[in-house]
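> I'd like to ask some things about the structure below.
The values are calculated or read from the model by the stated rules, or taken from the named source; none is laboratory data. These numbers come from a predicted model, not from an experiment. FYI the Cβ positions are ideal-geometry reconstructions off the backbone, even for glycines, and counts take in every protein chain you see.
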Amino acid sequence: MLDHVFTDAIGALRDAFENAFLERQAFEERFQVDVLLGDMTWETSYGLPGEGLPPRVQADITLDWPTWSQSAYRSWYIGEPIHEPPRIDIEIVLRVQRLASSPDPRHLLDVLPEQSPTIGSERLVRSNPTVETQYSHDLSSTVHAIEVSYDGTYELEEATLADGSILDDHFSAMGGWIAATLVRVGDLKFGFLPPVDPDNLFGLEP
């Protein structure tokens, strides 16, 4: 395994989700490197167990490691002074899907806090909701979704760079928070379409 603070953060967050008994959507996980700019991105999705495909509620997580963070990390690694500590950009999208009708966003916002629990010394901030409507090929049926994102940064202090176990402590609350939030969202009185087979993930008429 690559010995890098960014992969340590990925491992810590993955452990937090699995300790909260969330179910990873394996086909949704990606690790990408921008060959021109050098940015690294990890994307994954987790849902509640037994939700079917696609799950009614899920969390889409993105961690970004920008090029300047890599430069700062390299300077620290070889013993040079760093003027600004590296950071990881975090986005967590809470998504409700398989909806039979267009939802009222207020129902979702009523159960979502404006900020996440503390991650290190920072919190993620809630964005405005987005509602989606997808039509079948002949426009005779629709499926709806709504999502809200939380965005922010996690600053890596020198103690964290030197001891990756601090990441476990800082990210441990994330798994429980997301699991509890998905349960609250799943309990909302939305009308959901039934699970579908893998050949028809959107539950639409052919």
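> In the stretch 24-37, is there at least one residue being crowded, with 20+ Cβ neighbours inside 10 Å and either in a loop (DSSP other than H, G, I, E, B) or of a type outside the set (Lys, Arg) (or both)?
No, that holds for no residue.
> Among the residues of the stretch 106-160, write down those that are more than 14 Å from the chain's Cα centre (by Cα) and small (Gly, Ala, Ser).
Matches in the stretch 106-160: Gly120, Ser121, Ser136, Ser140, Ser141, Ala145, Ala159.
> Among the candidates Asp15, Asp89, single out the residue that is closer than 24 Å to Ser165 by Cα and surrounded by fewer than 16 Cβ atoms within 10 Å (Cβ to Cβ).
Asp15
> Right, here's the next one. So Ser75 ticks every box in (1) assigned to a helix (DSSP H, G or I); (2) at pLDDT 95 or above; (3) of a type outside the set (A, V, I, L, M, F, W, C) but one. Which box is left unticked?
With respect to (1) assigned to a helix (DSSP H, G or I); (2) at pLDDT 95 or above; (3) of a type outside the set (A, V, I, L, M, F, W, C), Ser75 is out only on (2).
> Right, something else. In the stretch 26-37, is there at least one residue being in contact (Cβ under 8 Å) with a residue 40 or more places away in the chain and more than 19 Å from Gly120 (Cα to Cα)?
The answer is no, given that none of the residues of the stretch 26-37 is in contact (Cβ under 8 Å) with a residue 40 or more places away in the chain and more than 19 Å from Gly120 (Cα to Cα).
> Restricting attention to the stretch 162-176, and to residues there that are surrounded by fewer than 19 Cβ atoms within 10 Å (Cβ to Cβ) and touching a residue at least 12 places away in the same chain (Cβ under 8 Å), which single residue is farthest from the chain's Cα centre (by Cα)?
That would be Gly164.
> A follow-up question, please. Restricting attention to the stretch 41-68, and to residues there that are within 15 Å of the chain's Cα centre (by Cα) and assigned to a loop (DSSP other than H, G, I, E, B), which single residue is surrounded by the most Cβ atoms within 10 Å (Cβ to Cβ)?
The extreme case among them is Pro55.
> Give the residues of the stretch 44-79 that are acidic (Asp, Glu) and within 21 Å of Glu155 (Cβ to Cβ), sorted by residue number.
Asp64
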